Structures are given as C-alpha cells and as structure tokens.
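Everything below concerns the one structure shown next.
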Amino acid sequence: MHRRGWLSELGQGLVLLSVGAVGAVVGYALGLIAGVIAGALVASGIFRLLGGEPGPWRARYGKVGRLLLGTVIGATFGTDLLAPLQAALLPMLGLVGIVLAVGLFRGWDVCHFTRLDWTTAIMSALPGGLPAMAALSEEVDADATVVSAIHFSRLTTILLLIPLLIPLLTGLTAGSSLAPVAEEPAGWASSLAALALGVSGGLLSLKLGIPTGDMVGPILVVGGANLLGADLGPLPAPFRHAAMLFIGTSVGAQVSIESLRKLRQVLVPAALVIAVLIGVGLLLGWGLSELTPLDPVTALLCGVPGGASTMPIIAHELGGDIRLVAALQLTRQLVMLVIIPPALGYLVRSLRHRRLVVPKP
C-alpha cells in the first residue's frame, strides 16, 4: 500500500511537471520575455483549475527551483558588484521601508472595506513572495487561502505585465540591452561544482531555519566563493531555464477554484492593492535610477514588489543586473519575514488583552 501511494505521488509529480514543461516550451517558442516561467505558470494554473492534483510535488518543485535560481544568481557574483551595491545600499533600504509602509497602509484599508479580519488583510497587502506569505499567514493565524489568492494574482499580474511595461518606460527596443555583454558560461565541471555547493548551502540554510534559505543559502555560498576567487560562473542557460520551469510550475499549481472564489469576494480591494503596489514600486524604482548609478531597467525592477524568485529572472531577460535585483528583493523579503511575525503577534496579544478585538458584523 505504501509503495502504491509513493507511485501515485510520483505520477502526480510527473504529470504536473510535464504540463508545466509544455507551457514553458510554448512561452519560449512565442519569444515572450520570461516566457519559460510565464508559460509554466499559466499551464499549471489551468491544469489545477481543470481538476488536476499536484500532490506534494508542487512544494518540492518550488524548493528545487529556488535552489537552482539561488545558485544561478550566486554564480554571477564578482568583485564588480561591490561598487554599485555600496552606492545604492542606502536608497535601496529606504525603498524597502517605503514599500512595506505602503503595504501596511493598504492592508488597513482593505480591512475597513471588506469582511476580512485585519491580520488577513495586512498579510494580503504586504509585498512579499507568494510561498513566504502563504507560510507566514498560517503562522499568524490569517486566512491562508485568501492571502495566497491575492498574492498569486499580484505575482501573475507582475509576471505578465512588467516585461511588457518596462521596455515602454525605458525606451528599450527588441534586442537591445542595458547590461554588459554576457560572459562565456562556465564549463560543466565548474557548473556542477557550483550546483553542488549551492544546493548544500541552501539545504543547510533551511535546516538552520534561515528565512527563504533555499535561495539565500546558494546566493551567499556560491556568491561568496566567487568573491574569493573561485570563478564558478556564470552558469549555462539550461540551469536558468530549469529554475524558471520549476518555479513557474510550482506557483501556477497553487491556484484553485476555492482560491478564486475567495478572491472574487475581495476583487476590487485586491485589484487596488495590486495596482498601488506596482505603481508605487515603479515610482520608487524611477527615484532609485535618479539617485544611484543603477541603470533604469535594474532600478525599476528593484522597486516592483514581485518576489525574489521571479524579478531576477525578468531582470536577466530584459538586460538588467540580476544580482542587484535579487539583493533588493531578498532584502525586502527577509526584513518582512523577520519583523512581521513578532510584530503581528504582539499586536494580536495586545488587542486581545485590551478586549478591542471584536468580530465584524
């Protein structure tokens, strides 16, 4: 019986990955920006809405994708990153603070205009990555289904809209790029060494309980090794495409009929949250490009709150600096993961103690 259950889970995982791969191939063949991840996301989302069951492999694919992407990002690190990162550090931290404040304000707004409890409303409006926000919502007793539905909508909107919008805002034309000419990919021996190092660093980070450790670990370990002269990158394109496939498949498979039903109940406030976060992010990104040496594409993508597992991919496709975008997105996510749970927990305890928490009519 146990063997049959294992085979059934494996079959579910292979079907889900095959569906995602078909979507990724279609997206890539159409020449879409970030077409691999967008195609995999749409295909796996349709699969779920038609009744497909992802089983436990959805979460596993997400972890594999983040381990791969963290390794890919870490392998691009070099000493040339230090100067622009240092110059942009303070403005980037200010951007993180402003985006978080906007999210908190919009969450308070959503709470007052819907039947959502304030914890769920705040978690729905904060600009974090989908997996992290879904996990956090369970930790602080928010409605994880609503939170996941709204963040899925935000992520999907950003993933499909931003690759089309950034070229219009920056004047990029087809085939143009603001990034330096890409280096020759590392050989397979160096690439496999980077992969082994990155996976080891990611799994160790997860074991130590480091927030988003499956991406932070590989970036720190492989990036640190490169800064010390290991010369482990950049990795060949198939590694990046595999990361996009796994992440897109995992994210798309989180949609469900139930999540769409919950989303419909808060459709207008959710749409306003998404529009405000994207608009504020683009505005702050423009300010970052004016105050720092960052090129416009990198600066705008640093500002848009799309998550650490998707915005670096879009940055690479558009010619931005994948390392700086990843650094900013991870910083925002880490700040949120460290600060929000204890802050919300304190507020809940305080309000309950003062008997100010009352059910909505």
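The values are calculated or read from the model by the stated rules, or taken from the named source; none is laboratory data. Nothing here was measured: the structure is a model prediction, and the numbers come from that model. Every residue, glycine as well, gets a Cβ built from its backbone with ideal geometry; the counts of neighbours run over all protein chains shown. Just so you know, the surface numbers come from the protein's heavy atoms only, side chains and all, with ligands and any DNA or RNA stripped out. Shrake-Rupley method; radii C 1.70, N 1.55, O 1.52, S 1.80 Å.
Taking all Cα pairs closer than 8 Å and separated by 6 or more residues, the relative contact order of region 1-151 comes to 13 percent.
Please get the size of the charge dipole for the chain, origin at its Cα centre, with Cβ charges of +1 on Lys and Arg and -1 on Asp and Glu, quoted in debye to the nearest 20.
Dipole size: approximately 1320 debye.
Could you give the length gained by full extension between THR79 and ARG261, i.e. 0.36 nm per residue of separation minus their alpha carbon distance, to one decimal place?
Result for the pair: 60.6 nm of gain on full extension.
Separation of region 194-245 and region 274-314 by C-alpha centroid, Å? Here the answer is 23 Å between Cα centres.
Rolling a 1.4 Å probe across the protein heavy atoms gives the chain an accessible surface of 47 Å² per residue.
Taking every Cα-Cα distance in the chain and sorting them into 10 Å bins starting at zero, the pair-distance distribution P(r) comes out as 5, 24, 34, 25, 9, 2, 0 percent.
Can you tell me how region 69-133 classifies by the Cα gyration tensor, rounded, prolate or oblate, using a/c under 1.5 as the rounded cut?
Working: a/c = 6.97, a/b = 2.14, b/c = 3.26.
Note, shape of region 69-133 comes out oblate.
Shape class of region 191-301 from the Cα gyration tensor (axes a ≥ b ≥ c, square roots of the eigenvalues): oblate, since a/c reaches 1.5 or more and a/b does not exceed b/c.
In terms of the mean number of neighbouring beta-carbon atoms within 10 Å, the peptides 152-162, 188-198, 307-317 order highest first as 307-317, 152-162, 188-198. Each residue of region 60-68 was assigned a 3J(HN,Hα) from its phi angle through the Karplus curve 6.51 cos²θ - 1.76 cosθ + 1.60 (θ = phi - 60°); the sequence is 5, 5, x, 5, 4, x, 5, 4, 5 Hz, with glycine and proline shown as x.
A protection proxy built from the mean count of other Cβ atoms within 10 Å ranks the segments 216-226, 109-119, most packed first, as 216-226, 109-119. In this rough spin-label picture, where each label sits 7 Å from Cα along the Cβ direction, the ALA196-ALA275 distance is 5.3 nm. Look at the dipole of the chain built from charges on Cβ: of SER191, THR310, PRO269, the Cα furthest out on the positive end belongs to PRO269. Apolar share of the accessible surface for the chain: 68 percent from carbon plus sulfur atoms, 1.4 Å probe. The slack between GLN86 and GLU290, meaning 0.36 nm per residue of separation minus the straight C-alpha distance, is 71.9 nm. Couplings 3J(HN,Hα) for region 84-92, derived from phi with the Karplus relation 6.51 cos²θ - 1.76 cosθ + 1.60 (θ = phi - 60°), are x, 5, 5, 5, 9, 4, 5, x, 5 Hz, where x marks Gly and Pro. Relative contact order, whole percent, for region 210-350 stands at 17, derived from Cα pairs under 8 Å and 6 or more residues apart.
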